[in-house]
1. Considering segment 67-83 alone, what residues qualify as being surrounded by fewer than 23 Cβ atoms within 10 Å (Cβ to Cβ) and closer than 27 Å to Pro158 by Cβ?
2. Working only within segment 251-304, note down all residues that are within 20 Å of Ala332 (Cα to Cα) and in contact with a His (Cβ under 8 Å, 6 or more places away or on another chain).
3. Out of segment 492-516, which residues are in a helix (DSSP H, G or I) and farther than 30 Å from Asp39 by Cβ?
4. So which residues in segment 416-428 are surrounded by fewer than 18 Cβ atoms within 10 Å (Cβ to Cβ) and either of a type outside the set (S, T, N, Q) or at pLDDT 95 or above (or both)?
5. Of the residues that sit in segment 178-210 and are in a strand (DSSP E or B), under 22 Å from Pro340 (Cβ atoms) and of a type outside the set (A, V, I, L, M), which one is nearest to the chain's Cα centre (by Cα)?
6. Open to solvent by 50 Å² or more (accessible area, probe 1.4 Å), touching a residue at least 60 places away in the same chain (Cβ under 8 Å), in contact with a strand residue (DSSP E or B) (Cβ under 9 Å, 6 or more places away or on another chain) and within 18 Å of Ser354 (Cα to Cα): is that true of Glu266 in this structure?
7. Taking segment 88-135 on its own, how many of its residues are open to solvent by less than 10 Å² (accessible area, probe 1.4 Å), in contact with a Gly (Cβ under 7 Å, 6 or more places away or on another chain) and assigned to a loop (DSSP other than H, G, I, E, B)?
8. Somewhere in segment 270-279, is a residue of a type in the set (Ser, Thr, Tyr), in contact (Cβ under 8 Å) with a residue 12 or more places away in the chain and either out of contact with any strand residue (DSSP E or B) (no Cβ under 9 Å at 6 or more places or on another chain) or open to solvent by 30 Å² or more (accessible area, probe 1.4 Å) (or both)?
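The values are calculated or read from the model by the stated rules, or taken from the named source; none is laboratory data. Everything numeric here is computed off the predicted structure, so don't read it as measured data. Ideal geometry is used to build each Cβ from the backbone, glycine not excepted, and the neighbour counts take in all protein chains shown. Heads up: the accessible areas ignore ligands, DNA and RNA and are worked out on the full protein's heavy atoms, side chains in. Shrake-Rupley method; radii C 1.70, N 1.55, O 1.52, S 1.80 Å.
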Amino acid sequence: MNLHRRKVLYFPLHGGRIPAMPEDKHIKHQTIEHQRLADSEANRADWKNWGPYLSERAWGTVREDYSPDGDAWEYFPHDHARSRAYRWNEDGLGGFSNRFQNICLAVALWNERDPILKERLFGLSGHQGNHGEDVKEYYFYLDGTPTHSYMKMLYKYPQVEFPYEMLVAENRRRGREDPEYELIDALRDTFEGNRYFDVFIEYAKAREEDILCRITVINRGPEPAPIHILPHLWYRDNWSWKFDRQRPIIRQVETALPRVTSCRTEHQRLGERWWYVAGDVPLLFTENETNDARLYGTSNESPYVKDAFHEFIINGDTDCVNPDKAGSKVAAHIKSLLDPGESLTVKVRFTNESSIDPFRDFDQVFEERIEEANQFYASIQSPELSDDERMVGRQALAGLMWNKQFYFYRVPRWLKGDPTQPQPPNSRMKGRNAKWTHFESVDVLSMPDKWEYPWFAAWDLAFHTIPIAMVDPEWAKHQLILLLREWYMHPNGQIPAYEWNFSDVNPPVHAWAAWQ
């Protein structure tokens, strides 16, 4: 998608743009966050280029399904996710990316008990759950501004082995009339005994292209517990599917300060970027490419594949990471033994400007963005609400802000397959979404849920725009208009329903939401 089309996408009225609202007439209580929104709407700045656009699950989706029978759950199961490169979009824990998801930031964890790294949220597929697909984790979106100048979430990570097999087996045993078997059922003693880590993941923008990430892990348990924290930076794989597509590289570089670890990378769309981690910490490098040897029993072109960090940390395979300190995927490896109540904070910065001292203003930026978020919500919430009501409303809106997702799906390419991959079966040309060959989405959309429903649904999206308009009317209008564009709407006038069946029929919620 070229820049001209992106401008049309984001400013679709009045010959290609929505005129900016005069600040002194239409914004009752002007705050710094309101000014960012106004600058974004007037095309003076692009504060929404970076956001929490990373999915919580990319496996088991229609887009990744190239099977002859259309069984997306079985074709790309959770067990493949750590080893298999995604074709259409990435996933991660507490992730951030730019709107085209060229490069991603997220967090991985290990408690020295689990059989795999905690790189993404776990849940049951539609076949495994007795009530369908179901995420089996505890995480909470706590705060977020509409320009993503400040975002905060909480993940609760058990200190015992995560019960992957038990959750699958017990839910599969139960029938539709039975209650679901939840994580708390499997680990009741663990959670009631506070044997878990609270993992707070926060983002703050110093500038439009300057992203700060703060990861704070607290041992809530009664005994010392080990924790490994791995901030990740990686490129979405868009080179494995075409011939002669250049693979971008992230390289470790020396810094002037002894307590800063850094990398540099360059991308044709992003330009030069630097990734800084506070402290003298080891970096692990690999490629965001499929481990064919593990999944298919064939040889890998390179010894450095997607699940290298898992193999290095859990299985002790030192040959699986690149000793040259370069690759399309990098992680810092911080490990510690935390006493009861003790916390550990990891600081990361991803920016378009090199810095001699990238963490000098780090804490100050977070303090400013938090205060600006407080001012913004104070200006839009009624003073008649109680503190608890204001917190509930703010956290609900934060959930909407966190549930934006980069959505990439070009139906013609998906139907025909990619030049370097096996050709899909002929049956798919008459199967799911085969009549939507005009559909091509490369956008950020409001998702029903980035795990259980990590794809847009027209009905849900329309409902979302009503509360979104409370904090960002421009983006709410953009979402409604977007699904009416010619690369979404069918030539017969139908709005695409949802990924599993674009042709399904929905009530006229879109028109109702536009009227509202």
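1. Trp73, Pro77, His78, Asp79, His80, Ala81, Arg82, Ser83, listed by residue number.
2. Arg273, Val281, Pro282, Leu283, Leu284
3. Val509, Ala511, Trp512
4. Answer for segment 416-428, where residues must be surrounded by fewer than 18 Cβ atoms within 10 Å (Cβ to Cβ) and either of a type outside the set (S, T, N, Q) or at pLDDT 95 or above (or both): Lys416, Gly417, Asp418, Pro419, Pro422, Pro425.
5. Only one residue fits best here, namely Phe200.
6. No: the conditions fail for Glu266.
7. So the count comes out to 1.
8. No - not one qualifying residue is present in segment 270-279.
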